[in-house]
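Colleague: Before anything else, here's the structure in question.
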Amino acid sequence: MSALILETREDVGAALRMRLAGFVHSLRNSGFKVGLAETRDALTLMRSQLSARPGLLKGAFRSLFCGRLSDWQRFDELFDAYWLEKGLKTGVKVSGTSQKKGMKTIRELVDAQGSRQETIAGDVERQPGEEDEDSNESPSGRREGASIAENLGQVDFRNIHDPDAIEKAHDLAERLARSMRVRLTRRDRQKRKGPRLDLRKTIRHSISHGGTPIELIRKGPRQRQLRLVVLLDASGSMNNYTGVFTRFVHGILDNFREAEAFLFHTRLVHVSSALSERDAGRALDRMGLMAQGVGGGTKIGEALADFNRSHAARVIHSRTCVMILSDGYDTGTPDQLGAEMATLRRRCKRIVWLNPLIGWEGYAPTAGGMQAALPHVDLFAPAHNLDSLAALEPYLAKL
Amino acid sequence: MSKNKQQLAKALAATGYVADEGLATALILTDMLSRPLLLEGEAGVGKTEVAKALAKLEETNLIRLQCYEGLDRSDAIYEWNYQRQLLAIKAREGSGENADKVEEAVFSEKYLLERPLLAAIRQENPPVLLIDEVDRADEEFEAFLLEILSDYQVSIPELGTVEATSIPRVVLTSNGTRELSDALRRRCLYHYVDYPSPDREARILLARVEGLDAALALQIAELMGKLRKEDLAKVPGVAETIDWAAALLGLGAKNLHESRELVFDSLVCVLKTREDQSRVSREVADRLLGKVA
């Protein structure tokens, strides 16, 4: 098969080039990662004998343009729709900015917390003069002595009602995520003084001493940061917390080198790609588009089953911590939840369950689902305010 | 020589690999566009075999790099032979040569150990380079892999840039234990290897298991197809089917319906976890067998 002869049929005309450009464009719109080099190669293919039959060309284009299984699965549909003009039934646009009416998005949920206006937390320019006033308005705010940060730290998320304060809560969550990372990487550096000699470097340094290895350079096992997989409950009962948690998760994805986020209500949605957008407002928008049906019921068991079946093998490795943010109110059966938790337990290193209800006075985890899940949880902690989130830090650093 | 899809598929089949629809096209393209081919699919669907068959077909070397976490330049590209270097330095100690000369001598071709990636681009005949389970390696490795796959050259600080004498045919495989970067995916041609259809699996069995009868092969392949649809923790791959067929043949099975006992007993070849073994009870095995013609 050495050097397959490119039998040049007639050169590709301008009209066909335009059609190809259009096809590539439509692929990009559908979320395919296609660069200029691919387009050029596609042109080569069109000039070759492969273009004799559309079936052949389809197969060749599929190999060229697809990069992952999800691309692979919908390529035929896109190809047929474009070249053979067969109707495309399902919408495939991923990165659209338009939004269906009546669909409740995360962004709206966040906005719903801010009663004043529709400013989005991430986009607000903070005005220094307003700061004090705002935080003093928050119900349990302390006027004397304490700093603003601490003040906010004490407030239950449910009680934060103005966009500015929400922004501060978000910032704190983001900072917290960042400080977790710092702690972990610093540990990494100290461990570098390892037990073994790094011969390569030692010899390199020995040359200037005429071959006598005076400076010994050592190496040791590299430390890697743990991977954090977050499963966020976005059901109706969590409405009060979803916005803040979302920002917290956004902060985590932004700052951890390895992190994945999923959102669940009655089904499970993988939202990492949406939340990896740096701008928080846009990230929430994109996530909202992906996660339709937010604010409905919860089926934790089913969502976990879906996670175990389709995602766990890929996102979980031996240094993974799974963090579930949920109140544990489940409409599924506790048995299923228990079984799925057990499966998850076997795969990952640690499971952390953060439950906002622990912050309430007199709360005990009596809900059936929560009872079933508890035996498999390493850390069951409150996450009703920022202090409780901050308290997690040493635990995560220890993993 | 120019080959079309059918010819290539036939040539592959002669080496014992029964290619699926589209794989032959993808292999032709790797040649035409000089791009690496990324094969994804569940464990045990025969991704690695593709590279082996290709090497056999081309009668060229197969250079294999098995990836694992922590794989670095010194394991994948090149390494200096430190023991010999130290000896050489010691031997020259009294000769009064200046340090620059010693350095030049010590960091020369003679003391260089080739690792798979460097070896692959320095062959006379273009070899098949198999980068197996690339998802097990970490992102750092992916980054320098990209560099090699796009320029086919390696820069060694002490020695200079080593250009490729021949461009290898590269096959990467991935099980999806980690998401690969978009850059790597974009660079490669992509083919998803699925579990084979019963018909193709039967043909694979016939190619791989000697003395197997076509009717039995088809029965085994069909039963396997049904078994994969069960909710199993570890879905058996093609390698398992081949083992199983060989086992059944060795145990003297002629027709699966007539030797139900054997079928159930030999399921150990296929079911590899305790949960799966308890899930496929005698009744389940009988039910599945009932659906097979």
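Colleague: How much net charge surrounds A:LYS299 when only other residues with a Cβ under 12 Å from its Cβ are counted (Lys, Arg +1; Asp, Glu -1)?
Modeller: Net charge in that neighbourhood comes out at -4.
Colleague: So who's got an amide H within less than 5 Å of the one on B:VAL170, skipping anything under 5 residues away but keeping other chains? H placed 1.01 Å off N, in plane.
Modeller: Here B:LEU37, B:LEU129 satisfy the definition.
Colleague: Taking amide H positions as placed 1.01 Å from N in the peptide plane, with prolines and chain starts having none, which residues 5 or more places from B:TYR78, or on another chain, fall under 5 Å of its amide H?
Modeller: Amide H neighbours of B:TYR78: B:ARG115.
Colleague: While we're here: Which value in Å does the Kirkwood hydrodynamic radius of the range A:14-83 take, with 1/r averaged over all unlike C-alpha pairs and then inverted?
Modeller: Across the range A:14-83, the inverse of the average 1/r is 12.0 Å.
Colleague: Find the Rg to Rh ratio for the range A:302-377, where Rh is the Kirkwood radius over alpha-carbon pairs and Rg uses the same atoms.
Modeller: A ratio of 0.97.
Colleague: Classify the range B:1-41 as rounded, prolate or oblate, taking a ≥ b ≥ c as the square roots of the eigenvalues of its Cα gyration tensor: rounded when a/c is under 1.5, otherwise prolate if a/b is larger than b/c and oblate if not.
Modeller: Oblate shape, in that a/c is at least 1.5 and b/c is the bigger or equal ratio.
Colleague: If you count only protein heavy atoms and use a 1.4 Å probe, how large is the accessible surface of B:TYR111, to the nearest 10 Å²?
Modeller: Only protein atoms counted, so the area is about 10 Å².
Colleague: In terms of the Cα gyration tensor, with a ≥ b ≥ c the square roots of its eigenvalues, is the range B:198-291 rounded because a/c is under 1.5, prolate because a/b exceeds b/c, or oblate?
Modeller: Here the range B:198-291 falls in the prolate category.
Colleague: For the range A:14-83, with all protein chains present and a 1.4 Å probe, just round the carbon and sulfur fraction of the accessible area to a whole percent.
Modeller: 59 percent
Colleague: For every other residue with a beta carbon closer than 13 angstrom to the beta carbon of B:GLN153, add +1 if it is Lys or Arg and -1 if Asp or Glu, then tell me the sum.
Modeller: -2
Colleague: Also: Kindly sort A:HIS25, A:HIS205 by accessible area of their heavy atoms, largest first, with the probe set to 1.4 Å.
Modeller: Of A:HIS25, A:HIS205, the descending order of accessible area is A:HIS25, A:HIS205.
Colleague: Then there's this: So how far apart, in nm, are the two label points at B:SER197 and B:GLU124 if each is 7 Å from Cα heading toward Cβ?
Modeller: Taking the simple label geometry, B:SER197 and B:GLU124 are separated by 4.4 nm.
Colleague: Taking the radius of gyration and the Kirkwood hydrodynamic radius from Cα positions alone, what is the Rg/Rh ratio for the range A:328-371, to two decimal places?
Modeller: Rg/Rh: 1.01.
Colleague: Using only Cα atoms, what is the ratio of the radius of gyration of chain B to 2.2 N^0.38 Å?
Modeller: Taking N as the residue count of chain B, the ratio is 1.27.
Colleague: Among B:ARG274, B:ARG208, B:ARG185, determine the one that fluctuates most according to a GNM of chain B built with springs between C-alpha atoms less than 10 Å apart.
Modeller: Comparing B:ARG274, B:ARG208, B:ARG185 in a Gaussian network model of chain B, the most mobile one is B:ARG274.
Colleague: Another question about this same structure. Count, for each residue of A:52-60, the Cβ atoms from other chains sitting within 10 Å of its Cβ, then give me the mean as a whole number.
Modeller: That average works out to 3.
Colleague: A further question on this structure: DSSP beta bridges in chain B, what fraction antiparallel, as a percent rounded to 5?
Modeller: Of those bridges, close to 30 percent are antiparallel.
Colleague: Helix-derived [θ] at 222 nm for chain B: sum -39500 (n - 2.57) over DSSP H runs of at least 4, divide by residue count, nearest 500?
Modeller: -14000 deg cm²/dmol
Colleague: Going through the cross-link list B:LYS226/B:LYS272; B:LYS10/B:LYS56; A:LYS201/B:LYS90; A:LYS33/A:LYS58; A:LYS219/A:LYS349; B:LYS47/B:LYS234, which pairs have a Cα-Cα distance over 20 Å in this structure?
Modeller: A:LYS219/A:LYS349
Colleague: Going by the alpha-carbon gyration tensor, a ≥ b ≥ c the square roots of its eigenvalues, is the range B:5-98 rounded (a/c under 1.5) or, if a/c is not under 1.5, prolate (a/b greater than b/c) versus oblate?
Modeller: Here the range B:5-98 falls in the prolate category.
The values are calculated or read from the model by the stated rules, or taken from the named source; none is laboratory data. In this text, all values refer to a predicted model and were calculated from it rather than measured experimentally. Every residue, glycine among them, receives a Cβ derived from its backbone with ideal geometry; neighbour counts consider all protein chains shown. We work out accessible area using only protein heavy atoms, side chains counted, and drop any ligands, DNA or RNA first. Shrake-Rupley method; radii C 1.70, N 1.55, O 1.52, S 1.80 Å.
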